[in-house]
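Student: The structure is given below, and queries will be raised subsequently.
The values are calculated or read from the model by the stated rules, or taken from the named source; none is laboratory data. Just so it is clear, the model here is predicted, and its values are computed rather than measured. Cβ placement follows ideal geometry from the backbone for every residue including glycine, while neighbour counts extend to all protein chains displayed. Heavy atoms of the whole protein, side chains included, go into the accessibility calculation; ligands, DNA and RNA do not. Shrake-Rupley method; radii C 1.70, N 1.55, O 1.52, S 1.80 Å.
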Amino acid sequence: MTVTAERPRTTIFKRPSSAYGIWSWLTTVDHKKIGIMYGYAAFSFFIIGGLEALLLRVQLAQANAEFLTAGAYNALFTMHATTMIFLFIMPASAAFMNYLIPLMIGARDVAFPRLNALSWWIFFFGGIFLYSTFVFGTSVAPVGPDGISGNLAAGGGPGSFNWLAASPDGGWFAYQPNAGPFYSPGTAMDYWALGLQIIGLASLVSAVNFIVTIFNMRAKGMRLLRMPVFVWMSTVVAFLLLFSIPIIAVALFMVTFDRQFGTLFFAPVGGGDPILWQHLFWLFGHPEVYILILPAMGIVSEVLPVFSRKPLFGYSAVVFAGAAIGFLGFGVWAHHMLASGITPVAQAAFGLATMTIAIPTGIKIFNWLGTMWGGRLRMTTPMLFAVGFIAMFTIGGLSGVTHAVVPSDWQQTDTYYIVAHLHYVLFGGSVFGLFAGLYYWFPKLTGKMMNSKLGKTHFWLMFIGFNITFAPMHWLGLQGMVRRTWKYAPETGLEPWNVVVTIGAFIIALSVAVFMYNWFHSRRHGVDSGFDPWDARTLEWAIPNPTPEYNFGVSPVISKLDHFWHLKYDQDDEGRAVRKDDADQIIAELEHVGLNPPEPIHLPNPSYFPLLMAAGFPLMFYGIIYHTTAWGKALIVIGAMVALTAVIGWAMEPVEEPHDEPSEERAEEVEAGV
Amino acid sequence: MSDVVHETPVAHHDEHESTGIGNRKLGMWVFLSSEFMFFGALIATYLLYSNRGGFEGTYPSEIYDIPFTSVSSFVLLMSSLTMVLAHNALSKGDQNGTRTWLFATAALGAVFLGGQVFEFTEFIVQSDMTLSTNPAASAFYLLTGFHGTHVAVGVIMLLSLWGISRRKGGLSEEHGMNLELVGLYWHFVDIIWIVIFTVVYLLSVPSA
Amino acid sequence: MARSRHRLSRLTALVGTTAFLASCSLIEIQDAPMTTFEPAGPNAERLDGLFWMVFWIATVVFVLVIGAIVVMLFVFRDRGKNDAEEPKQIHGHTRLEVAWTVIPALILAAISVPTVSAVFELTGCDSDSMKVEVVGHQWWFEYHYPAQGIDTANVMVIPAGQEICAVMTSDDVLHNFWIPALHGKRYLVPGQVTLLRLESYEPGEFWGQCAEFCGLSHSLMRARVLAMEPSDFEAWVADQQKPAALPVEGMPEYDGYQVFTNKGCIQCHTVRFDDDSASNIIQREDFNGPDLTHFASRTVFAGASLPEEGESYDAALKKWLADPPNVKPGSFMPNLALTEQEIDDLIVWLGSNK
Amino acid sequence: MTAEQDTHPSPAQYWKIAALLAILTTFEVAMFYVDRELGLGGLNALILISLALLKFVIVVGWYMHLRFESAIPNRFFTAGAILALALYLVVLSALGVVVIRG
């Protein structure tokens, strides 16, 4: 190891230098450690969101059930969606992007390592802030603008989980005015609005960071059209975030002002327009859908070629289709509002725009099929998940086309048909893709392989459970089961299918348990992966497993798409891959150089300030919620002071400590044992 | 090791810049492009409500003081000039000029902010138009308030740079990049005000 | 060994899928009153037709894609033989790319034609159709017939074979009026008006539901539409236009009426009496509960969520009056702590308001 | 930084640009009063928006040196501006503020 540890300098604090233990994680600016932290946090929220879903499913397994109170039910579906979207899939994608983008483009880190740490800590504190609503939040019966208030029953009784009702219950879409000050009084929706504001800030910072990283930090010869598709999809996602987060930020500011400071942006009683909220929300919310799916598409585009032993079919078509999806994604938001009374012209226009998205999506699917066609398909666990992704995402895409037929959407919208559609896209799509990635890159993280028997058990359980859960929802929706419904009448005939759905949900839960066991077991007892366990194509596999702290022993120079593959393989006259005679030798050299960098490598030093700065935001935002009290005001000031201190410290601290090559003086000191 | 050619011997992480533009400068441009969406949403909201009739209370467009706002808009516009002169002076190594123009920029920004405080006070006290009078008023205060916050942040950054420039040796080359970034930000805040001044002030007053 | 394991996993998958499909067919679908598959009027029929058109196209695509995957899994699977040839390294195929860009585009263009025409034809109402104003409240629908001067709730009565224009708005939050058998959904937006045309071919009772999440008791905000022969509808209108009889002392309804006036019910509800002095106890704009003049003519109450299946009308009413927030969480109708006797009296009086 | 000096305007040019901006601003304010007298309606809006656009381009192009930057920031920045303009126009037209005739 020739990573040079430099003498830390003191600005506000002594610069941290721990390489092990808790402080190394709290102060790290290493994109890999940050990625891992994102991953674990996201997975924890996945478990929480999943448990919420199971509670919802138990309630719905029976007509007119009393398992949950209405308040608890509404809170749970709000938090389930908010958690899965903002606290699971987005950070899980961020985990992959953090870990992989620098490796895939041949960089030592992202462009702004400390900003990267800041993003992570802001996200983490934002998640904690949002979930602290379970402890501090309140939610009470609606109070109409005329001052008459609704009434709650005396109490839910045991087993009703009524304590959950004190959390955000306006839906993840927070339609106004229902989620506004009159109809959702109490602080719970404030936690929601401000929590999302914090998390959005994290995404925005990440987006800037990734864009600059991808445009500026590529290794020599890594032209844009030589980047792996995952990096391309991350680029599109970063731009989607860049342009959509500010919109939701403004919308959330307006809601917060409505709720806290008596403005009237969305209150019809004062002339506010609830449809404005929908426009702003979906103007963000629809790009958000692609923010959730594109990283998974990127992962699948990496996994399929490796296990088909063929290059990605139509690389540039897949890249451009991804960019087209991102671009068109900004032009279709009002298809979420087709029943809201917008003009027929708008309905037709947005319906047609939505249909056009099917074209680039189709291009991707057909190219993936083209990749598999004629290949030598190794059905490993990541490959199973990737193929599962294509199949399930196709179903989700096709049901999506049925919504684009506007009049048919008037029947489907706000029913379980939509719930089915979005889960086929986000679970059958994103989550399957993410699992493919976890199995595929596990050796990269740990140097071990995941157990493939358990992996396949996980896949089949999840695949079957998923379909049992979500396929019947299509049917339920068309039979008239509306979304977000706490109870349904027995006469509707919906009960039998709901029982099936609930059974499926528990099968999914079981499959996740298998995965968790596999993960932690393989981390300790997994088979050693060695170098390049999958015979892969992309740059991240051209370095040892687990990834060294400095990524590349020497910065690579790229001459082709799938550079690493071409180091190992030639083509014969028929175009078949032929392993080079010296392939093993090249790999051995790569491994050697990867483990023993020929020159010292300077890495960005750890820093306290991202953590400190991120800590300022929740403090300020708690203060805003309780701004009418003295301690609320005090919290705003304290939070601002904390953030300001961090800004000053940050500004005074260089990214890398000055590293005059170990001077003779110092060398003598070392020799003298000083 | 045929294809894997060594690059530079000592590898700093912050080294290659494929686009030829520094990371921080590129980052600033990227961030500013995103700010369009932010102010766009606020301006759109204002336009929606200022054009909607039937609200109770005063509309902001009824009480604009166009001559006053014209002057403060002009002040902000001219601060872009002083900003660019500060940048120019530093690039020529003229520390004195940099210092002067930096201070002038911050001062003009502060005058603009003072004008905004005065305007808000007038609206609230004289015309009884508060944040919660009607959606048009809410949108006006939120939009101009967020713009003002951006200006205030800019003034603080300018004053910090000015403070550093007063130290011995003035602004280093690294600070030069900071100055350029603050400059980009400052000009951006100015162009947003160009739009606000026209769309929100001049165009939303109902013609007689 | 590896081979048998493969076979095992494939077998498991096969058995699992078969079991799943078998269980699907075993669960018999009862009569589902909210289904979208039994359109009862021209609007819903049009939507149903569009759905099936896209459904079959989607099915063809689905079968092709999934079929291709399944075929590939068998044909191109790596059997673990060491001497297997490496695949040809194909990077793409321009003509194929063009084909699978253009063909879907053509299919979508074909779909878009009936889509757009249906959007324009099914949005809004004909100007000469009968108007029913629908007002959404947390958590019930109010219906006002402007031409007939009728106020009712929960059950909308319409003449069959005739286009009705629902002129809709909301009193509080967003709601979404949905009668699957008659038309798709349309939001009720506070401060704005939306239109929805409804038409039923034949007389019948159709179920509906508020489809947009509207707060605590969203799921209990249900609706009924009762389509009648035009002559029956005329009779119904005539009935509804009649005021209620003012109970006098000694009549069995009198005690219930006293409870109504003394226990605060009149703060939100109104009844139009034949005696003018009693008819305007509260000004119209202050009402936020349903008009109870013809309460007993409606088959359902409490946001059309009562009576539940197998429950008698009176028992349901008793449950409702005893503790409304317990039935409908968040209800704006409070628990007035009525005694058993008071509730029984109220039921008698309400039952007389036919 | 040396390369920049060759292409960037000199202080004298900066002052000239400022003078131009000042004149344009005077025009704008003047237009406001002209419109009050004459009620130009749509024409006024067109002129004012053109003037604002001109000022916008001048500040971005010369003061922010976007004219002298490479294509990358240019594209990002323009994309942001155009995207914002297009999207919010659609929102406003959907909400009935901007009426697109056709």
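Student: Take the residues in the range B:153-171 that are at pLDDT below 85 and more than 14 Å from residue B:97 (Cα to Cα), then tell me which one is nearest to the chain's Cα centre (by Cα).
Tutor: If we take residues in the range B:153-171 being at pLDDT below 85 and more than 14 Å from residue B:97 (Cα to Cα), then B:167 is nearest to the chain's Cα centre (by Cα).
Student: Out of A:577, A:583, A:536, report the one residue that is of a type in the set (Gly, Ala, Ser), within 27 Å of residue A:375 (Cβ to Cβ), within 11 Å of another protein chain (Cβ to nearest Cβ) and surrounded by 15 or more Cβ atoms within 10 Å (Cβ to Cβ).
Tutor: None of the others qualify; the one that does is A:577.
Student: Same structure again: Residue pairs, Cβ under 9 Å, 6 or more apart or interchain, first in the range A:411-426 and touching a residue at least 40 places away in the same chain (Cβ under 8 Å) and more than 12 Å from every other protein chain (Cβ to nearest Cβ), second open to solvent by 10 Å² or more (accessible area, probe 1.4 Å) and outside any helix (DSSP H, G or I). List them.
Tutor: A:419/A:483
Student: When you look at residue A:469, is it farther than 30 Å from residue A:584 by Cα and either surrounded by 23 or more Cβ atoms within 10 Å (Cβ to Cβ) or away from chain C (no Cβ under 11 Å) (or both), yes or no?
Tutor: It is true that residue A:469 is farther than 30 Å from residue A:584 by Cα and either surrounded by 23 or more Cβ atoms within 10 Å (Cβ to Cβ) or away from chain C (no Cβ under 11 Å) (or both).
Student: Exactly one condition in (1) open to solvent by less than 20 Å² (accessible area, probe 1.4 Å); (2) without any contact (Cβ under 8 Å) to a residue 24 or more places away in the chain; (3) under 28 Å from residue A:447 (Cβ atoms); (4) away from chain C (no Cβ under 14 Å) is false for residue A:589; which is it?
Tutor: (1)
Student: Residue under question is residue A:620, and the condition is that it be out of contact with any His (no Cβ under 7 Å at 6 or more places or on another chain) and surrounded by 15 or more Cβ atoms within 10 Å (Cβ to Cβ); does it hold?
Tutor: The answer is yes for residue A:620.
Student: While we're looking at this one, here's another question. Is the range A:426-433 home to any residue that is open to solvent by 10 Å² or more (accessible area, probe 1.4 Å) and closer than 29 Å to residue C:120 by Cβ?
Tutor: So far as the range A:426-433 goes, no, none of its residues is open to solvent by 10 Å² or more (accessible area, probe 1.4 Å) and closer than 29 Å to residue C:120 by Cβ.
Yes or no, residue by residue, for (1) among the hydrophobic types (A, V, I, L, M, F, W, C); (2) within 9 Å of chain B (Cβ to nearest Cβ):
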site	(1), (2)
D:47	yes, no
D:56	yes, yes
D:72	yes, yes
D:78	no, yes
D:88	no, yes
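Student: Filter the range B:55-78 for residues that are within 10 Å of chain D (Cβ to nearest Cβ) and either within 20 Å of residue B:184 (Cα to Cα) or within 21 Å of the chain's Cα centre (by Cα) (or both) and give the result.
Tutor: B:66, B:69, B:70, B:71, B:73, B:74, B:77, B:78 - these are the residues of the range B:55-78 that are within 10 Å of chain D (Cβ to nearest Cβ) and either within 20 Å of residue B:184 (Cα to Cα) or within 21 Å of the chain's Cα centre (by Cα) (or both).
Student: Please give the helices (runs of 4 or more DSSP H) falling wholly within the range A:70-177 in which 3 or more residues are more than 16 Å from the chain's Cα centre (by Cα), within 14 Å of chain C (Cβ to nearest Cβ) and not β-branched (Val, Ile, Thr).
Tutor: A:70-82
Student: Related question: Quick check, is residue A:475 facing another protein chain (nearest Cβ under 9 Å) and either of a type in the set (Gly, Ala, Ser) or part of a helix (DSSP H, G or I) (or both)?
Tutor: When the stated conditions are applied, residue A:475 passes them.
Student: Let me ask you something else. Pick out the one residue from D:86, D:71, D:94 that is open to solvent by less than 60 Å² (accessible area, probe 1.4 Å), under 18 Å from the mean Cα position of the chain (by Cα) and farther than 20 Å from residue B:183 by Cβ.
Tutor: D:86
Student: Out of all the residues in the range A:43-60, is one or more touching a residue at least 24 places away in the same chain (Cβ under 8 Å), surrounded by fewer than 21 Cβ atoms within 10 Å (Cβ to Cβ) and closer than 30 Å to residue A:551 by Cα?
Tutor: yes
Student: Show the residue pairs meeting these rules: Cβ distance below 6 Å; 6+ apart or different chains; first residue within the range A:545-559 and more than 9 Å from every other protein chain (Cβ to nearest Cβ); second residue among the hydroxyl-bearing types (Ser, Thr, Tyr) and part of a loop (DSSP other than H, G, I, E, B).
Tutor: Short answer, once both residue conditions are applied: A:545/A:529.
Student: Residue by residue through the range B:92-151, note down the ones that are over 20 Å from residue B:197 (Cα atoms), crowded, with 22+ Cβ neighbours inside 10 Å and not polar (S, T, N, Q).
Tutor: B:101, B:102, B:106, listed by residue number.
Student: From A:558, A:508, A:503, which residue is open to solvent by less than 40 Å² (accessible area, probe 1.4 Å), β-branched (Val, Ile, Thr) and more than 21 Å from residue A:227 (Cα to Cα)?
Tutor: Answer to the selection: A:508.
Student: While we're here: Of the residues that sit in the range C:296-343 and are under 20 Å from residue C:204 (Cα atoms) and in a helix (DSSP H, G or I), which one is least open to solvent (accessible area, probe 1.4 Å)?
Tutor: Out of the qualifying residues, it is C:296.
Student: Right, something else. May I ask you to list the residues in the range B:23-36 that are open to solvent by 20 Å² or more (accessible area, probe 1.4 Å) and either in contact with a strand residue (DSSP E or B) (Cβ under 6 Å, 6 or more places away or on another chain) or more than 10 Å from chain D (Cβ to nearest Cβ) (or both)?
Tutor: B:24
Student: Name the pairs whose Cβ atoms lie under 8 Å apart, with the first residue in the range C:53-69 and closer than 17 Å to residue C:100 by Cα, the second assigned to a helix (DSSP H, G or I) and open to solvent by 40 Å² or more (accessible area, probe 1.4 Å), and 6 or more positions between them or separate chains?
Tutor: Note: pairs meeting the criteria are C:57/C:107.
Student: Checking the condition more than 14 Å from chain A (Cβ to nearest Cβ), out of contact with any Pro (no Cβ under 8 Å at 6 or more places or on another chain) and assigned to a loop (DSSP other than H, G, I, E, B), which residue from B:189, B:125, B:205, B:195 passes?
Tutor: After applying the criteria, what remains is B:205.
Student: Also, quick follow-up: Out of B:97, B:93, I need the residue that is without any contact (Cβ under 8 Å) to a residue 12 or more places away in the chain and within 14 Å of another protein chain (Cβ to nearest Cβ). Which one?
Tutor: B:93
Student: Name every residue in the range C:29-83 that is of a type in the set (Ser, Thr, Tyr) and within 7 Å of another protein chain (Cβ to nearest Cβ), in order of residue number.
Tutor: Those that are of a type in the set (Ser, Thr, Tyr) and within 7 Å of another protein chain (Cβ to nearest Cβ): C:35, C:36.
Student: Anything in the range A:259-283 that is away from chain C (no Cβ under 11 Å) and open to solvent by 10 Å² or more (accessible area, probe 1.4 Å)? List them, or say none.
Tutor: Once the filter is applied, which keeps residues that are away from chain C (no Cβ under 11 Å) and open to solvent by 10 Å² or more (accessible area, probe 1.4 Å), the range A:259-283 yields A:259, A:260, A:261, A:262, A:264, A:282.
Student: When the range A:327-347 is examined, which residues are found to be open to solvent by less than 10 Å² (accessible area, probe 1.4 Å), without any contact (Cβ under 8 Å) to a residue 60 or more places away in the chain and not β-branched (Val, Ile, Thr)?
Tutor: A:333, A:334, A:347
Student: Can you tell me how many residues within the range A:566-588 are closer than 16 Å to residue A:533 by Cα and either charged (D, E, K, R) or in contact with a helix residue (DSSP H, G or I) (Cβ under 6 Å, 6 or more places away or on another chain) (or both)?
Tutor: 6
Student: Report, ordered by the first and then the second residue, all pairs with beta carbons closer than 6 Å, sequence separation of six or more or different chains, a first member in the range C:292-315 that is on the phi > 0 side of the Ramachandran plot, and a second member that is surrounded by 14 or more Cβ atoms within 10 Å (Cβ to Cβ) and of a type in the set (A, V, I, L, M).
Tutor: C:303/C:220; C:303/C:221; C:304/C:223
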